[in-house]
Every structure is written in structure tokens, then in C-alpha cells.
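What follows is a short report on a single structure.
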């Protein structure tokens, strides 16, 4: 009945898990995204997780929690996390939290 | 001549503390501000701070520590638009309250460790607006007021 506010398209190839997120990331939509991403991380155990935020139209600090949480899960399976194409707004939030200073998180674009 | 800071428009919203209402509140914020023809950045900033404040009500004010009835979990939002393009947004709840507001305002501080909270909600609200005030009484509720001049 209720349409999901966000979804993720996953693709795995040669040790790299690509996760393209679509829609709005807030507290409501973060939980299903978190479950899907963690399942895929444990299933494929990639070396790199690339989260594309190109098609994310909104993100608040819940999205930050989602990304930082995935950095923790990725560490569990020995993967590093890369975040690509954050919009202006998302960049401001990542900068505010000092996310770019984390050793296991790369931010591109 | 000093321009009087007259109230230009107001909006009051009362919504149940359901997470689906986070996006509903953002949509109302956008609609309320549309007459200002704001920049994308200002619009995104204000949608984001409303989202943060409403999320706090849902996760913390009416979280596991709240002992009231389900139908008492309400979020009260008041938006006032002044003639000088200043917006005042108040997000209020009758939830558990915050015992130490100064501590809660600190970057990365969170009580909701189990649910992957970043602890950046108040920091985002503070940095995306011109002024943030937080009033809280344990057992009574919390009121967050955010003020921003829109370009």
C-alpha cells in the first residue's frame, strides 16, 4: 500500500559490490536499505563497496548513519567503502560529520 | 526607514509520530516556502532541518522511554514566514524530554546506539540555520525553534 521512499540496485562483479541508491534517504527509508546492503555484503564479501548517491534526491543525518554503519559492516567482511556522486546537500552533511577523514571511507565526486 | 518585520504567512501542522511523516513534513515545508522562490540550497537546508527535528520526535521523544498512549504521540509544527524573508520553524512534542540539552546538542552524541543514529541531528539543524534554540523538560516534552533568513 505504501510506496517505498528509497530503493537500491545491487550489482556484484570481480570483488566489487556496486550499490546505486535511488530516492530519499531518511530515518524511514534507511532501515530497508541497511538490511539489503548488509545482506549483500555478507553474501558476496567484496573487497570494495561502492555506494552511488547520484540518484538520491534527499538525505539527512539518518543517511549518514546508514553510510557509517555500512563502513562498520564492510570492515567485518574486509571491504572498503566508497561513496560516489553526493549532491551539494549530501556533501555538506558528510563534511559536517568529518566523514571524509575516515580511513575506510572514500568520497568521490 | 526600517522595514517592519511583519508576519506574512503561518502554518500549523499536527501529525502522528510515524516515520512515513518525515517525508510528509518535508513536502509541507517545500510547499510553505514556495512563495519565496528560494534557492535550491535554502530549500534543501530547511527540508533537511525539519526532517531532523521530526525524526528526533519519532526516535527519541516518543521512543521506547515514552509511557503514554499511542494516540498521544503527536508532533506539532508551526511555521511562520516574516516579510523580511525570515522563516521560523518550531517542532514540538510531548514526549520524554531531554535531561541534558547541552550534551544532546554536541556533535556525534546519541542515545540511540542500537539503531545506527549518527548523533548529528542537532549539528545539522544548527549549521543549516541561522539560529537554533532547544527547550526541554523531562517528562513534558521538547520544543526546537529554527530560524533562517531565506535569500
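In table form, for the structure just shown:
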quantity	calculated
Residues of the range A:38-66 classified as free of Cβ contacts under 8 Å to residues at least 40 places away in the same chain, facing another protein chain (nearest Cβ under 9 Å) and part of a helix (DSSP H, G or I), total	5
Within the range B:116-137, considering residues that are in contact (Cβ under 8 Å) with a residue 60 or more places away in the chain, more than 7 Å from chain A (Cβ to nearest Cβ) and in a helix (DSSP H, G or I), the one farthest from residue B:87 (Cα to Cα)	B:122
Residue match in the range A:84-101 (condition: more than 27 Å from residue B:59 (Cα to Cα) and touching a residue at least 12 places away in the same chain (Cβ under 8 Å))	yes
Enumeration of residues in the range A:22-42 that are out of contact with any helix residue (DSSP H, G or I) (no Cβ under 7 Å at 6 or more places or on another chain) and farther than 18 Å from residue A:60 by Cα	A:35, A:36, A:39, A:40
Output for the range B:80-115, where each listed residue is away from chain A (no Cβ under 14 Å) and farther than 15 Å from residue B:142 by Cα	B:80, B:81, B:82, B:83, B:84, B:85, B:86, B:87, B:88
Residue B:40, sole failed condition from (1) within 14 Å of chain A (Cβ to nearest Cβ); (2) surrounded by fewer than 18 Cβ atoms within 10 Å (Cβ to Cβ); (3) farther than 21 Å from residue A:64 by Cβ	(3)
Residue ranges of strands (runs of 3 or more DSSP E) in the range B:7-104 with at least 3 members free of Cβ contacts under 8 Å to residues at least 60 places away in the same chain	B:86-93
Subset of the range A:1-20 (residues that are in a loop (DSSP other than H, G, I, E, B) and away from chain B (no Cβ under 14 Å))	A:14, A:15
Which numbered condition residue A:42 misses (of (1) surrounded by fewer than 16 Cβ atoms within 10 Å (Cβ to Cβ); (2) in contact with a strand residue (DSSP E or B) (Cβ under 9 Å, 6 or more places away or on another chain))	(2)
Among residues of the range A:45-67, those that are touching a helix residue (DSSP H, G or I) at 6+ places or on another chain (Cβ under 7 Å) and surrounded by fewer than 18 Cβ atoms within 10 Å (Cβ to Cβ), counted	1
Of the criteria (1) more than 11 Å from chain A (Cβ to nearest Cβ); (2) crowded, with 20+ Cβ neighbours inside 10 Å; (3) over 16 Å from residue B:146 (Cα atoms), which one residue B:59 fails	(1)
Some residue of the range A:87-106 being crowded, with 17+ Cβ neighbours inside 10 Å, part of a strand (DSSP E or B) and under 11 Å from the mean Cα position of the chain (by Cα)	yes
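The rows are residues; the columns are (1) crowded, with 22+ Cβ neighbours inside 10 Å; (2) at pLDDT 95 or above; (3) over 26 Å from residue A:95 (Cα atoms).
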position: B:47; (1), (2), (3): yes, yes, no
position: B:114; (1), (2), (3): no, no, no
position: B:118; (1), (2), (3): yes, no, no
position: B:146; (1), (2), (3): yes, yes, no
position: B:150; (1), (2), (3): no, yes, no
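The values are calculated or read from the model by the stated rules, or taken from the named source; none is laboratory data. In this text the structure is predicted, and so the values were computed from the model without any measurement. All Cβ positions, glycine included, derive from the backbone under ideal geometry; neighbour counts span all protein chains shown.
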